[in-house]
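**Q** Quick one: the structure is below, and I'll ask about it shortly.
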Amino acid sequence: MTDKDFDFTRRAFLDGVLKATAGAGVAAAAPWAVSAASAAPLSGDRVRLGVIGTGDRGRTLIRNILKTRNCAVAAVCDNFAPHLAKAQAIVGANVPAFADHRAMLDARGLDAVVIATPLDFHAPLAFDAFGAGLHVWCEKAMARTIADCSAMVKRSQDSAKVLQIGHQRMFHPTYLNALKRVKAGEIGPVTQIRASWHRNTSWRRPIPPGSTDRKINWRLYREASAGLMTELATHQLQVGNWFLDAVPTRVIGSGSICFWKDGREVYDHVALVYEYSDGRKFVYTSHLNNARYGCEEQIQGSKGTIEPELGRIYQEVPPKVLALQRMQEDVKRGHKRTVPIGGATWFPELPVTTPGDSLGWGEYDETMLQFEGFGEAVRAGKPLPGMLAQAYAASVASLLGEQAMDRGEAVTWPTDLIAV
Amino acid sequence: MSGVERFAAMGTRVELHLFGATGSDALAVARRAIEAVDDALTIHRPSATTALNASLMAGRSHAVDDPLLLAALIEIEAAHALTLGLFDPAADAARPGAGWNAIRVDRDAARIEAARPLALDFGGFGKGFALDQACDALRAAGVASAFLVAGESSIAVMGEHPLGGGWPVAIPDPLAPDQSLVELELRDAALSISSTLGAGAEAPGRAPMIRPNDGSCVTAARTAIAIDRRGSRAEMLSTALLVADAGQAMRLIAEAPAHRFLFNFSRTAAAVVQPREVVA
Ligand SMILES: NC(=O)c1ccc[n+]([C@@H]2O[C@H](COP(=O)([O-])OP(=O)(O)OC[C@H]3O[C@@H](n4cnc5c(N)ncnc54)[C@H](O)[C@@H]3O)[C@@H](O)[C@H]2O)c1
């Protein structure tokens, strides 16, 4: 892609975000996206980012940072040499590379760090970065414990530094469009979101020479991760809270190691119900041995359903009355026949299968936009409005779900969270 | 030229079929008319009716601001006696004694009050009333020929069949859907079917038909049919026929034998008619 082409798709993407957020209700419900997409012209010195953790995600983030107009990768850091080398190959030899984050912070020359390590390192690394006077961009989920999520929020507030968490759906034009249509009342009041992330994979990665199972497959071990909850469900819980415009009141759930009995410690099968005010619910399942229903959030209202991953909106249109369809055909061919119709009132019972309408696709760069927004937040010393509250609630919800499953009992929303 | 609109309203499906030259937005106007009735009369979400019910349950008189709700109340007030008091949106199995007789509608002041706590549930009336509003809107939009259905239990036809003459309609026998209970030729008319039989009647969560005089539920296997110029009246009459005792049914049918029918499918129940025999 030439620079001009890129500029064009970038502009089209930003226009898409701005268009989706133009409605009054949407601007209020996604203020971070409005701020990020309308920040212009992004001139001046680039915000210097030090990326810690250059595994799969870290390298994707680096590629997105390089696309931005206001951020630069000023250092990379990973304690596994082969991953650091891969990052260095992307950013070039003149960007300093570190095996230890302390050395990177001591070397100075950064405005912020980007954390893409296993989950259990998010909080300690963020604390060190705040301690060094830097802003922090950290991948979801926030931290391994609710206490650490709260501590991250607190440290960011105390140090007056921006803390932004990676939730790219919050910048995705399809989601923003979906939100706009919900706010316009097109699917009626949303009473339930049924979400799933179903995969058919062990989630195990091969262990390269020089590493260990626990280091590479950190997602499978409780010390480092809450498994499906923090790695996958966080994204969808964020969508749930966002579209229901609330945080859950409590959660019940059941988790098991059902299929992959390979020594892993985290559940490979989870099913939870998050309750919201007024009887609304977020019903969630995730597992690793059937991919038929994949990843989706079915946002259900009395007038319709939105499936943002598929990018479709469905109206609650009932099936045709067959006798009337026949009457239409008869009239068309000039044939008058008695219409057999009438009886007890028809009630909808069966699932309605209709193709639905598109919510609009495009070439998306929502991960890039997260960083442009972050860059502007760092420059202004002020976080993108509303973002951290969403991320904090999503991470807490995922960890609360883990607690509910571990204890086998309903767990209520914590009352001691930090006000964002 | 023809146009079809299909949508969910009033807890069921609605289909509007227009024939002949129609304005481009006639369907949309008719749909909005129906949705407006749904919005005003529903008790399943906050509406003018739930606000009114809150007042009546609390023993307060209520100013009816919503013009559709007021029009509905006035129609019911006017037709209550015609149904021998058998159509009663205030009847409630859980509240013996609650009924339309306890209600006073002050049409000029647009106020309603009740002598005892009660709540209104318009039930099927809403469907016929909504089709009336849609027909009025279509007529105003210049539509001359149309077939409107709400949940297959409420039908309204406008003008003539597009190929001339009346609209031929056959009401299927709920126990033998290949056969008909009755065949009718309709012109500018509304038809309402009330039945304790058929797939829809067995739907889960379906409210039973209640006899206003004693609050009991109709359990006999019956289908009642009423035809009237106005859908709202057809609904009230078919409901009345369904809950009527033998004498009441005879009286109602005798007033308009070609427009009111009652079928009794149960030999054990106090039958008005022999099984499968048309009372008309
Ligand atoms: N937003 C998304 O869609 C998305 C997608 C995938 C992953 N993620 C998140 O990104 C993070 C990383 O996931 P991943 O798939 O890239 O994992 P990964 O295992 O591929 O990469 C993690 C990297 O961090 C390095 N690392 C570990 N501890 C370190 C430390 N103390 N200092 C420096 N480097 C350290 C590891 O050597 C490894 O290279 C996780 O938090 C994950 O939830 C987010």
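**Q** Can you tell me which residues in the stretch B:186-208 are at pLDDT 95 or above and open to solvent by 20 Å² or more (accessible area, probe 1.4 Å)?
**A** Selection gives B:ARG187, B:ASP188.
**Q** Among the candidates A:GLN238, A:GLN192, single out the residue that is at pLDDT 95 or above, within 15 Å of A:TYR276 (Cα to Cα) and out of contact with any strand residue (DSSP E or B) (no Cβ under 8 Å at 6 or more places or on another chain).
**A** A:GLN238
**Q** Let me ask something else about it. Residue pairs, Cβ under 7 Å, 6 or more apart or interchain, first in the stretch A:127-142 and over 21 Å from A:GLN168 (Cβ atoms) and more than 14 Å from chain B (Cβ to nearest Cβ), second polar (S, T, N, Q) and away from the ligand (no atom under 15 Å from the Cβ). List them.
**A** That search, which allows pairs on different chains as well, returns A:PHE130/A:SER156; A:PHE130/A:SER159.
Conditions tested, residue by residue: (1) outside the structural domain of A:HIS135 (by TED's automatic domain parsing); (2) touching a helix residue (DSSP H, G or I) at 6+ places or on another chain (Cβ under 7 Å); (3) of a type in the set (Lys, Arg).
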site: A:THR9; (1), (2), (3): no, no, no
site: A:LEU14; (1), (2), (3): no, yes, no
site: A:GLY23; (1), (2), (3): no, yes, no
site: A:ALA30; (1), (2), (3): no, yes, no
site: A:SER38; (1), (2), (3): no, yes, no
site: A:ARG59; (1), (2), (3): no, yes, yes
site: A:ASN70; (1), (2), (3): no, yes, no
site: A:ALA85; (1), (2), (3): no, no, no
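**Q** Kindly list the number of the only condition in (1) at pLDDT below 95; (2) open to solvent by less than 10 Å² (accessible area, probe 1.4 Å) that fails for B:ALA72.
**A** Against the list (1) at pLDDT below 95; (2) open to solvent by less than 10 Å² (accessible area, probe 1.4 Å), B:ALA72 comes up short only on (1).
**Q** Of A:VAL239, A:VAL270, which residue is open to solvent by less than 20 Å² (accessible area, probe 1.4 Å), assigned to a strand (DSSP E or B) and among the β-branched types (Val, Ile, Thr)?
**A** Being open to solvent by less than 20 Å² (accessible area, probe 1.4 Å), assigned to a strand (DSSP E or B) and among the β-branched types (Val, Ile, Thr) holds for just one of A:VAL239, A:VAL270, which is A:VAL270.
**Q** Additional query: Can you name every residue in the stretch A:213-229 that is more than 27 Å from A:GLY253 (Cα to Cα) and within 11 Å of the ligand (Cβ to nearest atom)?
**A** Correct list: A:LYS215, A:ILE216.
**Q** In the stretch A:281-294, is there at least one residue being in a strand (DSSP E or B), within 26 Å of A:LEU388 (Cα to Cα), within 16 Å of the ligand (Cβ to nearest atom) and within 22 Å of the chain's Cα centre (by Cα)?
**A** yes
**Q** Right, another one. What about B:ALA8, is it open to solvent by 30 Å² or more (accessible area, probe 1.4 Å) and free of Cβ contacts under 8 Å to residues at least 12 places away in the same chain?
**A** Yes.
**Q** Among the candidates B:ALA134, B:ALA150, single out the residue that is at the interface with chain A (Cβ under 9 Å from one of its Cβ atoms), open to solvent by less than 10 Å² (accessible area, probe 1.4 Å) and touching a residue at least 40 places away in the same chain (Cβ under 8 Å).
**A** Every option except B:ALA150 fails the conditions.
**Q** Restricted to the stretch A:193-212, and to residues that are hydroxyl-bearing (Ser, Thr, Tyr) and away from the ligand (no atom under 12 Å from the Cβ), which residue is nearest to A:ASP148 (Cα to Cα)?
**A** A:SER196
Rundown of residues vs (1) in contact with a strand residue (DSSP E or B) (Cβ under 9 Å, 6 or more places away or on another chain); (2) open to solvent by 10 Å² or more (accessible area, probe 1.4 Å); (3) under 30 Å from B:PRO46 (Cβ atoms); (4) not basic (Lys, Arg), yes/no style:
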position	(1), (2), (3), (4)
A:ARG102	no, yes, no, no
A:LEU163	yes, no, no, yes
A:MET170	no, no, no, yes
A:ALA178	yes, no, yes, yes
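**Q** Still on this structure: Any idea which residue in the stretch A:180-200 is surrounded by the fewest Cβ atoms within 10 Å (Cβ to Cβ), counting only those that are small (Gly, Ala, Ser) and under 22 Å from A:VAL396 (Cα atoms)?
**A** Among those residues, the one meeting the criterion is A:SER196.
**Q** Out of B:SER24, B:SER61, which single residue is more than 10 Å from chain A (Cβ to nearest Cβ) and free of Cβ contacts under 8 Å to residues at least 24 places away in the same chain?
**A** Answer to the selection: B:SER24.
**Q** Among the residues of the stretch A:244-265, which ones are closer than 21 Å to A:ALA419 by Cβ, open to solvent by 40 Å² or more (accessible area, probe 1.4 Å) and out of contact with any Ser or Thr (no Cβ under 7 Å at 6 or more places or on another chain)?
**A** Taking the stretch A:244-265 first, the residues closer than 21 Å to A:ALA419 by Cβ are A:244-250.
Keeping just the survivors that are open to solvent by 40 Å² or more (accessible area, probe 1.4 Å) gives A:245, A:247, A:249-250.
If the condition is that a residue be closer than 21 Å to A:ALA419 by Cβ, open to solvent by 40 Å² or more (accessible area, probe 1.4 Å) and out of contact with any Ser or Thr (no Cβ under 7 Å at 6 or more places or on another chain), then A:ASP245, A:VAL247 are the ones that fit.
The values are calculated or read from the model by the stated rules, or taken from the named source; none is laboratory data. Please read all numbers here as calculations on a predicted model, not as lab measurements. Backbone-built Cβ (ideal geometry, glycine too); neighbour counts: all protein chains shown. For accessibility, only protein heavy atoms count, side chains too; no ligands or nucleic acids. Shrake-Rupley method; radii C 1.70, N 1.55, O 1.52, S 1.80 Å.
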